[in-house]
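Visitor: I have a structure here, written as structure tokens, and I will follow up with some questions on it.
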Amino acid sequence: MSCDHKSVPPCLLPAITRRRFLKQTAITSAAVATLPACEFAESFVQGQAFEFDINSATFDALQTVGQAVAFDAGEGETALKVILVRVSDDEVAAFDRICPHANLDMDPELAAPLGNEWLQEEQQLKCGWHNSKFDINGDVVPGSPSADGINRYKVEFDPATGVGQCDTSEVV
Ligand code: FES
């Protein structure tokens, strides 16, 4: 199976460094900005946090446990590509969406050869390009071609309202 590394935008290459930096320096976030419920949908706040509503069209797949949604937090080349996963009735998890193995996108909508997907039973994110897997903490599963894991970001989610916040400055 071949891999087209030349197609990877340069802006995606520092993903591994970012993970290590955040973990090693144990950055804790500044306060997450709070928006009125009617305003969030796809808002990105101060480069750190965004809110989501599973009742909106963008995130409605998250109404189902085991489903995932790709989301770009921010705009243009500075956007942070994340994947949100409804891992249980009460919890939504957020991970980096760029696989550190070859810096390819794990968007479930992309036609990766093996299928990008969340494996609900195993509680693992599968990169369909070359079959790396990452556990619920973002750590790489042994046997994967990736040598590194991915960031998992802090998410607060209220299943009663379907509203949540993801703080991409805080790795958990
Ligand atoms: S890009 Fe190769 S396993 Fe993800």
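The values are calculated or read from the model by the stated rules, or taken from the named source; none is laboratory data. All of these numbers come straight from a predicted model, not from anything done at the bench. Reconstructed Cβ throughout: ideal geometry from the backbone, glycine too, with neighbour counts over all protein chains shown.
Visitor: Would you call P100 modelled with pLDDT under 95 and within 14 Å of the ligand (Cβ to nearest atom)?
Guide: Here the answer is no, as P100 does not meet what is asked.
Visitor: Would you confirm whether or not segment 65-83 contains a residue that is within 16 Å of the ligand (Cβ to nearest atom), over 19 Å from Q165 (Cβ atoms) and not β-branched (V, I, T)?
Guide: no
Visitor: Further question: Of all residues in segment 159-172, which are more than 15 Å from the chain's Cα centre (by Cα) and either in a strand (DSSP E or B) or of a type outside the set (S, T, N, Q) (or both)?
Guide: Selection gives P159, A160, G162, V163.
Visitor: Looking at E117, E156, can you tell me which residue is more than 10 Å from the ligand (Cβ to nearest atom) and more than 13 Å from the chain's Cα centre (by Cα)?
Guide: The conditions single out E156.
Visitor: Okay, moving on. What pairs come up if the first residue lies in segment 134-159 and is over 15 Å from V85 (Cβ atoms), the second is in a loop (DSSP other than H, G, I, E, B) and hydroxyl-bearing (S, T, Y), and their beta carbons are under 8 Å apart, counting only those six or more places apart or on different chains?
Guide: Here the result reads V140/S146, each pair linking segment 134-159 to a residue that is in a loop (DSSP other than H, G, I, E, B) and hydroxyl-bearing (S, T, Y).
Visitor: Quick one: which strands (runs of 3 or more DSSP E) sit completely within segment 80-145 and have at least 2 residues that are surrounded by 18 or more Cβ atoms within 10 Å (Cβ to Cβ) and small (G, A, S)?
Guide: Because the criterion is at least 2 residues that are surrounded by 18 or more Cβ atoms within 10 Å (Cβ to Cβ) and small (G, A, S), the strands (runs of 3 or more DSSP E) in segment 80-145 that meet it are 92-96.
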